[in-house]
Amino acid sequence: MNSREVVTSREFLASLDHGADWREEVEEFAAREGVEAAWFVGMGAVQDAEVWYYDQSDKEYRSVSFDEPLEVASCVGNVAMLDGEPFAHTHAVLSRESGQTLAGHLDAGTVFAGEVYLRAFEEPLTREHDEVTDLDLWL
Amino acid sequence: MNSREVVTSREFLASLDHGADWREEVEEFAAREGVEAAWFVGMGAVQDAEVWYYDQSDKEYRSVSFDEPLEVASCVGNVAMLDGEPFAHTHAVLSRESGQTLAGHLDAGTVFAGEVYLRAFEEPLTREHDEVTDLDLWL
Amino acid sequence: MNSREVVTSREFLASLDHGADWREEVEEFAAREGVEAAWFVGMGAVQDAEVWYYDQSDKEYRSVSFDEPLEVASCVGNVAMLDGEPFAHTHAVLSRESGQTLAGHLDAGTVFAGEVYLRAFEEPLTREHDEVTDLDLWL
């Protein structure tokens, strides 16, 4: 395990804008506040979602779109710099009226209502290409 | 995005009482400790659960009950004041023996065992009616 | 609710080793850093997973194995001492390419890529046998 001790510089509560994109909301916030490394947890609801799954053999993301209102039962993510911009790596667990659940990497989702707690760290995080997984990883 | 910088005043670990209600446990704890704003993450198991889904068109919650033992694979929530009392807005991801998953807004659930980490903030949070979503939101 | 106020001593970001076991990675890290109490949240992907469900009547864990690549949409857990060693109690929500979701107690899972945020507490946590649930609980 590759680890790094970090120090929290600032903490934020945020209410995401109705109609905005969930991930972009976090990224624009990070850019505006000068946050280059953060961890966040959130919950709420989206009007639709584009969920990605990483094909570990082909090393490509597969996308599935849900054009329907869904609860965000859990959202876990972090902010790091990617190509000079804050990137919010975001995973989410979504649910239907029946309780049926859908989950994965949340590439996009139109916010219905979103509540997020974010901790910004003093030490910047930068994503770089990892040969083994073909993903952009930090540390 | 509507955001607010916050400062953590106190942190707690909690073990929820067997047989109690998951959400009420958090709310009674907040009332007892004078916590008016908090973020929490939890895990454990429940003996049953009442899960809500918000109908974004009709602006009403739909409820589905699961009268069966379930793992709490994830619980994300926050505490804010609503009508003068601490309200624990709680989302959860639950699972069956097969691994099948159910999720949504956790209105109620009888605790089998529950482990929660909660951060209380100095700044009080208050929920107020939001016209666009017809929900009580903070910030 | 049995609660304890805690103080965070150190915070870490970690990137789990490709090919290692998810839970062991956390436990070995805790042992190496002398962490006896912690809360963590994570996300990523696994190459396979062994997920447990606790049978609340028979008081035994049931195991189900998924020998397939899965996203880790959410991982919530904590570290406490059990029989003198750090034990990482780990719950996870996993997902398939379709978005279909599987969840429960994560006993094991081969890391494809894993990102974890962990807070270590000053106060040690120790798991002890609880008669009501037949589980090892802390507090």
Per residue of chain A, what 222 nm ellipticity follows from adding -39500 (n - 2.57) for every DSSP H run with n ≥ 4, rounded to the nearest 500?
-2500 deg cm²/dmol
Run through the other copies and list how far each one's label point is from that of residue C:84, in nm with one decimal, shortest first; the point sits 7 Å from Cα along Cα-Cβ.
5.7, 5.7
Using a 7 Å offset from the Cα along the Cα-to-Cβ direction at both residue A:123 and residue C:130, what is the distance between the two label points in nm, to one decimal?
3.4
Can you list, shortest first in nanometers, how far residue A:67 lies from the same residue in the other copies, with each label 7 Å from Cα toward Cβ?
3.9, 3.9
According to a simple spin-label model (label point 7 Å from Cα along Cα-to-Cβ), what is the distance in nm between residue B:33 and residue B:139?
2.2
Cα-based equivalent ellipsoid of the protein assembly as shown: semi-axis lengths in Å, sorted from largest, via gyration tensor
26, 26, 23
Which of A:105, A:125, A:13 sits farthest toward the positive end of the charge dipole of chain A, with +1 on the Cβ of Lys and Arg and -1 on the Cβ of Asp and Glu?
A:13
In vacuo Debye sum over C-alpha of the range A:94-139, base-10 log of normalised intensity I(q)/I(0) at q = 0.19, 0.33 Å⁻¹, listed in q order, is -0.95, -1.17
Between C:89, C:129, C:105, which gets the highest mean-square fluctuation from a Gaussian network model of chain C, Cα cutoff 10 Å?
C:129
Using a 1.4 angstrom probe on heavy atoms only, work out the carbon and sulfur share of the accessible area of the protein assembly as shown in %.
40
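Distances over 17 Å make up what percent of all Cα-Cα pairs in the range B:8-138? Before the final figure, lay out each step's value.
On the way: 4887 of 8515 pairs.
Value for the range B:8-138 (Cα pairs over 17 Å): 57 percent.
Show me you know the interface measure: the accessible area buried between C and A, both chains summed, probe 1.4 Å, in Å² to the nearest 100. Mind dumping the intermediate values first?
Working: alone 8260 and 8260 Å², together 13210 Å².
Result for this pair: about 3300 Å² buried.
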Could you check the simple spin-label distance between residue A:59 and residue C:9, using points 7 Å along Cα→Cβ, in nm with one decimal?
4.1
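The values are calculated or read from the model by the stated rules, or taken from the named source; none is laboratory data. From a predicted model like this one, the values you see are computed outputs, not experimental measurements. Counting neighbours? That spans all protein chains shown, and the Cβs are built from the backbone with ideal geometry, glycine included. Surface accessibility is based on the protein's heavy atoms, side chains included, excluding ligands, DNA and RNA. Shrake-Rupley method; radii C 1.70, N 1.55, O 1.52, S 1.80 Å.
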